[in-house]
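Data block below; observations after.
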Amino acid sequence: MRSSMHPGDRFLPTPRPMELTLNSYSDFQPLLDFEEETLGAVPYNDLADLTREIKLSFVDYVRQGVMLATIRRNRLYKRQFKDFAEYCKSALGRSPIYCKRIIEAAQTTIELIKAGFRILPTSVSQALPLVKFTKPDDAGNRELETKWQTVINSQPADRITAAAITEAVDDKEPEQRAKQVRIGGKAFEMLQKKALAAGLSVSKYLELLIGGDDSPTDEPPDGEPETELTPEKVEVCDRAEAYAKTKPAGGFTIRATKKPSKSYQKAINPLRSDEVSDSS
């Protein structure tokens, strides 16, 4: 089976490499035979046949999804495995969630083929944003065809990505849409550790750093208990304010986060500035 991994698949959890055993290695022999036969036919290869095969390989996840759906629907796994989840993990080396997404992506793309489209999602991650539009409403209408046509109209076929599809089919206002920021793995690991220490999610931690609307206000809302601030959270507030005062050039403007009020600070033990810095 040819690989169906494409650049857009980076938005999905990275599947574990398939474990090879002496008994299963022969299963890959058809790939070796294919390479030998294809290279051996040079220069008499049929360009049209090769081009057709390449185009089909771009949507090879559809074949995978059809096979997975057949195995799940007919419970072909039950003689060797407890359930479909165990089959995915043990036989395929893939998570059940990943396999389910392949099935959904394949079904969505098949619907687009039946609707007459010739430009199709070329990866699982490209098809996934369209899955929710495959189900018809109470009147029997669905938005799948309209949404995909919007995608095609918004981008040249060779520039369609999972991110572009998500943005094109998103009904939210631009300012309400989630944005993706590329950062290094080490930087993200540091963010996770800092957010965990502060008792926050990574996104909430970032909002606090840049002075988002969810940052602490002077007083807690009426009827809600005061939030206990840990030393780590106090450090976050202090760093956010100090960073905001630097006004970095060439980037976005960072609004200072308000310092915790006295009512908030009563919830923690007084700490000297050097003690706070040591807690990081």
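The values are calculated or read from the model by the stated rules, or taken from the named source; none is laboratory data. Here the structure is a predicted model, which is why all the values come from computation and not from measurement. Cβ placement follows ideal geometry from the backbone for every residue including glycine, while neighbour counts extend to all protein chains displayed. For the accessible areas, the whole protein counts, side chains as well, though only heavy atoms, and no ligand, DNA or RNA atoms are used. Shrake-Rupley method; radii C 1.70, N 1.55, O 1.52, S 1.80 Å.
Couple of notes before you dig in:
- Filtering the range 122-145 to residues that are more than 19 Å from GLU167 (Cβ to Cβ) and among the basic types (Lys, Arg) leaves LYS135, ARG142.
- Identification of helices (runs of 4 or more DSSP H) wholly contained in the range 48-125 with 1 or more residues that are touching a Phe, Trp or Tyr at 6+ places or on another chain (Cβ under 6 Å) and either more than 27 Å from VAL151 (Cα to Cα) or free of Cβ contacts under 8 Å to residues at least 24 places away in the same chain (or both) yields 60-73, 84-87.
- Of all residues in the range 38-47, those satisfying the criterion of being surrounded by 11 or more Cβ atoms within 10 Å (Cβ to Cβ) and part of a loop (DSSP other than H, G, I, E, B) are ALA41, ASN45.
- Members of the range 132-148 that are surrounded by 15 or more Cβ atoms within 10 Å (Cβ to Cβ), of a type outside the set (D, E, K, R) and out of contact with any Lys or Arg (no Cβ under 8 Å at 6 or more places or on another chain): LEU144, TRP148
- Test result for VAL62, open to solvent by 40 Å² or more (accessible area, probe 1.4 Å), within 21 Å of SER125 (Cα to Cα) and in contact with a helix residue (DSSP H, G or I) (Cβ under 8 Å, 6 or more places away or on another chain): no
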